[in-house]
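K.L.:
Below: one structure in structure tokens.
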Amino acid sequence: MRRSIQRLQQRSWVTELLVIVTILVYLGEVIAGGSESSQVLVEFGAKFSPLIIAGQWWRLITPVFIHIGITHIVVNMATLYYIGGSVERMIGHWRYAVIYFLSAISGNLMSFAFGATNGLAAGASTALFGLFGVYMALGVVFKDNLYLRQTGRQFAALAVFNFVFDLFASGIDIWGHLGGLIGGFLLIIGLALPGQRERSGRLLQICAIIAYLLICAFLYRLGMVRL
């Protein structure tokens, strides 16, 4: 029994579950009429600002499971499997799950506040950029760790590259990516890792959580008064 528990703890089972559920949702989209159908996307819970304003607040989280087209889901699930699995093994299952979903929420909130008011948005990219933010924050907090410092810089460069690409590409929600990145960065500081508390201090931990909550509240308020 103990060995089974240890193997489960070592596996990236949260990531594996997220990949499975997301693929099943995508198959449901296809069966329902196609993953590129606006009607199907709305029915499955894509982010659509007018409906969020109307009270469908769950559209700030459900888009993380919805994808538009085969390329979209293949790229995101491959990224989730490899990068998500690495982050999960490093920070633990519950921290990883919390950061994944809360980064998705902050990403969708920023898209709600600054993105197209009548456009549909979906995808795990908001949460994936949150994982990029985790690596960046760890590189700052554990700057004496060569691996984390270098990896943090690499993910910062990757994020910048993606943002530049987003500026010149159509149909990509740059605001969702930015919101997810900020969310992941703040959340990993707030959900202190072993050894992080001594390095960053309890005050910084509290400030990071407060900053995340204030940013989300501001973005929600801004999105609600746009239309």
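The values are calculated or read from the model by the stated rules, or taken from the named source; none is laboratory data. The structure presented is a predicted model; accordingly, all values stated were derived computationally and were not measured. Ideal geometry is used to build each Cβ from the backbone, glycine not excepted, and the neighbour counts take in all protein chains shown. Keep in mind that these areas ignore ligands, DNA and RNA; they rest on the heavy atoms of the full protein, side chains included. Shrake-Rupley method; radii C 1.70, N 1.55, O 1.52, S 1.80 Å.
K.L.:
If each of V160 and V21 carries a label point 7 Å out from its Cα toward its Cβ, how far apart are those two points in nm?
P.N.:
Placing both labels 7 Å along Cα→Cβ, they lie 3.5 nm apart.
K.L.:
How large is the convex hull of the Cα atoms of the stretch 72-227 per residue, expressed in Å³ as a whole number?
P.N.:
98 Å³
K.L.:
Also, I was wondering about something else. Taking the alpha carbon gyration tensor of the stretch 13-158, what are the square roots of 5 times its eigenvalues, largest first, to the nearest whole Å?
P.N.:
Gyration-tensor ellipsoid for the stretch 13-158: 29, 17, 12 Å.
K.L.:
If you roll a 1.4 Å probe over the stretch 115-227 with all protein chains in place, what percent of the accessible area is carbon or sulfur?
P.N.:
In the stretch 115-227, the share of accessible area belonging to carbon and sulfur is 69 percent.
K.L.:
Determine the per residue accessible area of the chain with all protein chains present and a 1.4 angstrom probe, expressed in square angstrom.
P.N.:
Per residue, the chain has 51 Å² of solvent-accessible surface.
K.L.:
If you don't mind, another one. What is the distance in Å between the Cα centres of the stretch 91-160 and the stretch 23-90?
P.N.:
Cα centroid to Cα centroid, the span is 17 Å.
K.L.:
Another question, if that's okay. Taking the Cβ of F129 as the center, what net charge do the other residues with Cβ under 11 Å away carry, scoring Lys and Arg +1 and Asp and Glu -1?
P.N.:
Its environment carries a net charge of -2.
K.L.:
A further question on this structure: Rounding to the nearest 10 and keeping the result within 0 to 90°, find how far the Cα-based axis of helix 196-224 lies from the longest principal axis of the chain.
P.N.:
10 degrees
K.L.:
Next up: What nm value, rounded to one decimal, do you get for the distance between S38 and L203 when each label is placed 7 Å out toward the C-beta?
P.N.:
5.2 nm
K.L.:
Cα-Cα pairs above 19 Å in the stretch 136-227: how many percent?
P.N.:
That fraction is 52 percent.
K.L.:
Angle check, please: helix 13-32 long axis (alpha carbons) against the longest principal axis of the chain (alpha carbons), in degrees 0 to 90, nearest 10.
P.N.:
Here the helix axis deviates by roughly 10 degrees.
K.L.:
Let me ask another. To the nearest 10 degrees, how steep is helix 174-190 against the longest Cα principal axis of the chain, on a 0 to 90 scale?
P.N.:
Rounded to the nearest ten degrees, it is 30.
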